[in-house]
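First up is the structure itself, then whatever we jot down about it.
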């Protein structure tokens, strides 16, 4: 309790700036404080936390292991305080916030164009930090506070997390038009005999496809494995490769040499969602951002 009485909110704000800038002068400029004031605050923080927090390495300050442990919970704590002190209504036109979003490049291509235009028009003071993460990474980031909102295919979430559906998606196959079998229909024998492009990141893969094939007691040969889909269509033209992917991933493919057809077996559609931690449920700004994401996809 004695230590708690010695801490004021300004110290936490200064610590956040120091960990971000890793430089006393830049942190002072960011906070509109004098350099001696920030140096004095750092000395107090070192005393309170029993750790140097930042150690000099040349012209910069390098965070200690203890300081790195504090980055995520500190950001979360400051966001909670900001939410607590904010008025019940959220004014996007005057808001000043930074949100950390996690999604795949597939999700980014669908969500970000409309969302960014909305923010520049309605909430120019809101900034975004976008990170690329697997499904497992998104869940972990939401739980530990590293991210504010995740967008992806997240069918199984821990009880502390909530989600809202954004859209339902189906799978299609992309292949070279000349490699399509006679009759213009991709059949199962052709699908299984051809080499495939697999989209996966950190082992997450496309489990819906593999689970379906396993249930059918079939396997496909993966010739190329990629962590993102954006370059995959370039590999297909002039080859016998097949790419099985979510339909919206191919909405901008203009190559007339390529053709999009249904897979020769039924793959269950999936729901793309946005997810957040229950502790952020009262954050009016985050709720507003979440609604704008959904509205932007519907309009698109």
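Exactly one residue out of 156, 210 is without any contact (Cβ under 8 Å) to a residue 60 or more places away in the chain, assigned to a helix (DSSP H, G or I) and at negative phi: that is 210.
When residue 239 is tested against (1) modelled with pLDDT of 90 or more; (2) assigned to a helix (DSSP H, G or I); (3) more than 30 Å from residue 296 (Cβ to Cβ), only condition (2) is not met. Of all the listed residues (95, 102, 109, 79), the sole one being within 27 Å of residue 15 (Cβ to Cβ) and assigned to a helix (DSSP H, G or I) is 79. Considering the stretch 115-136, and only residues there that are at pLDDT below 90 and either buried (at least 17 other Cβ atoms within 10 Å of the Cβ) or outside the structural domain of residue 280 (by TED's automatic domain parsing) (or both), the residue that is nearest to residue 16 (Cα to Cα) turns out to be 133. Does residue 175 satisfy the criteria of being over 21 Å from the mean Cα position of the chain (by Cα), assigned to a strand (DSSP E or B) and not assigned by TED's automatic domain parsing to the domain that holds residue 72? Here the answer is yes, as residue 175 does meet what is asked. When 48, 42, 68 are checked against the criterion of being farther than 30 Å from residue 288 by Cβ, touching a strand residue (DSSP E or B) at 6+ places or on another chain (Cβ under 8 Å), modelled with pLDDT of 80 or more and part of a helix (DSSP H, G or I), 42 stands alone in meeting it. Residues in the stretch 137-149 that are more than 30 Å from residue 265 (Cβ to Cβ) and either assigned by TED's automatic domain parsing to the domain that holds residue 73 or touching a strand residue (DSSP E or B) at 6+ places or on another chain (Cβ under 6 Å) (or both) were compared, and the one that is surrounded by the most Cβ atoms within 10 Å (Cβ to Cβ) is 142.
Where strands (runs of 3 or more DSSP E) fall entirely within the stretch 242-287, those with at least 2 residues that are within 20 Å of residue 107 (Cα to Cα) are at 242-246, 270-277.
The values are calculated or read from the model by the stated rules, or taken from the named source; none is laboratory data. Everything numeric here is computed off the predicted structure, so don't read it as measured data. Here the Cβ is made from the backbone with ideal geometry for all residues, glycine too, and neighbour counts use every protein chain on show.
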